[in-house]
Amino acid sequence: MSTAYLFPGQGSQEVGMGRALAEAHPVAARTFEEADDTLGVSLSRVMWEGPEDELVQTQNAQPAILVHSVAVLRVMAGGVEPVMAAGHSLGEFSAHVAAGTLGFADALTAVRRRGELMAQAGRERPGTMAAVLGMDDDAVKEVCAQVSTETSVVVTANLNSPGQVVVSGDVDAVERSMEALREAGAKRVVPLNVSGAFHSPLMEPAQGGLRQALESIKFDRPRFPVVSNVTATPEDDGPRARELLVEQLTSPVRWAESVGTMVEEGVERFLELGPGSVLTGLNRRNARGVPSEALGTPEDLAGLGL
């Protein structure tokens, strides 16, 4: 069966994540130890014990999710070989680790730096995000354009599935968009608890620092294609992957299109590696009829015979 790996993004973290996996599988335990050694901090303690307000900080949540995903990946080694992969936002780094584009330690330090830069950008120009349910992508984009001004902008940031879009931008612009979207017929508009306006022009200050961090890292040719958030197409060139990961900071996550691309390419099954099951849930609309399974715990992996 032709399988694709999916890797979750920020928001899938929770206190206790990965602990049972480390207790059940020595290779997972070594992965968490390697992460702590690489970063010089006890990330595993924050992941397993919290407190939650420390784990959800962008510079902690992003590497935590990557570590959990890579721990699952290593437990699965040799079990199921994918034909391609994709990751939601920071999950694209996890996908490139799976594809061998970059090493785990390099990805971990880059993602930690990415989180720091995004948090800093959020402090310098405060922004926020909101989820919009039950409205067409183009209609959401039109409302965002209507309520934006030269100094206060809101854009579509995550195109997650038909009828689920996330908008991002300056706080006042997002508030204006929420009211306008409700008036335009959205079923629900839900503010998100985030530290910045991710995947919007407000993240431009973070791009230079991330580019600098990634320039010092070797990007090899992926063993299998990784579908880019920016292009929604399979990419198999290392240097191109590096640039797309920088561009991704200010570009919308074209997730529904990305999954659609993989289905068109012949993928017959999706496996989500890491904490939670957000992407598996989205596949009920993005990949109707294609089996999708979330793998993050020993029980999940036991179902695959691992």
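The values are calculated or read from the model by the stated rules, or taken from the named source; none is laboratory data. Keep in mind that this is a model prediction, so the values were computed, not measured. Note that we place each Cβ from the backbone using ideal geometry, even for glycine, and neighbour counts take in every protein chain shown.
Scan segment 77-84 and give yes if some residue there is closer than 23 Å to Gly303 by Cα, among the β-branched types (Val, Ile, Thr) and in a helix (DSSP H, G or I), otherwise no. No, segment 77-84 contains no residue that is closer than 23 Å to Gly303 by Cα, among the β-branched types (Val, Ile, Thr) and in a helix (DSSP H, G or I). Within segment 86-98, one or more residues are assigned by TED's automatic domain parsing to the domain that holds Asn229 and in a strand (DSSP E or B).
One residue stands out in segment 182-215 among those that are modelled with pLDDT of 95 or more and polar (S, T, N, Q): the one that is farthest from the chain's Cα centre (by Cα), namely Gln212. Among the conditions (1) under 20 Å from the mean Cα position of the chain (by Cα); (2) under 18 Å from Gly296 (Cβ atoms); (3) touching a residue at least 40 places away in the same chain (Cβ under 8 Å); (4) surrounded by fewer than 19 Cβ atoms within 10 Å (Cβ to Cβ), Gln57 misses just one, which is (2).
Hey, can you tell me all the residues within segment 167-202 that are part of a strand (DSSP E or B) and surrounded by fewer than 24 Cβ atoms within 10 Å (Cβ to Cβ)? Before the answer, list the steps.
As a first pass, look at segment 167-202 and keep what is part of a strand (DSSP E or B): 167-170, 188-192.
Of everything in segment 167-202, those that are part of a strand (DSSP E or B) and surrounded by fewer than 24 Cβ atoms within 10 Å (Cβ to Cβ) turn out to be Asp170, Arg188, Val189, Val190, Pro191, Leu192.
Filtering Ala287, Ala302, Ala294 for residues that are at pLDDT below 95, more than 28 Å from Gly169 (Cα to Cα) and among the small types (Gly, Ala, Ser) leaves a single hit, Ala302.
Among the residues making up segment 241-298, those that are of a type in the set (Ser, Thr, Tyr) and either in contact with a helix residue (DSSP H, G or I) (Cβ under 9 Å, 6 or more places away or on another chain) or not in a helix (DSSP H, G or I) (or both) are Thr250, Ser251, Ser258, Ser277, Ser292, Thr297.
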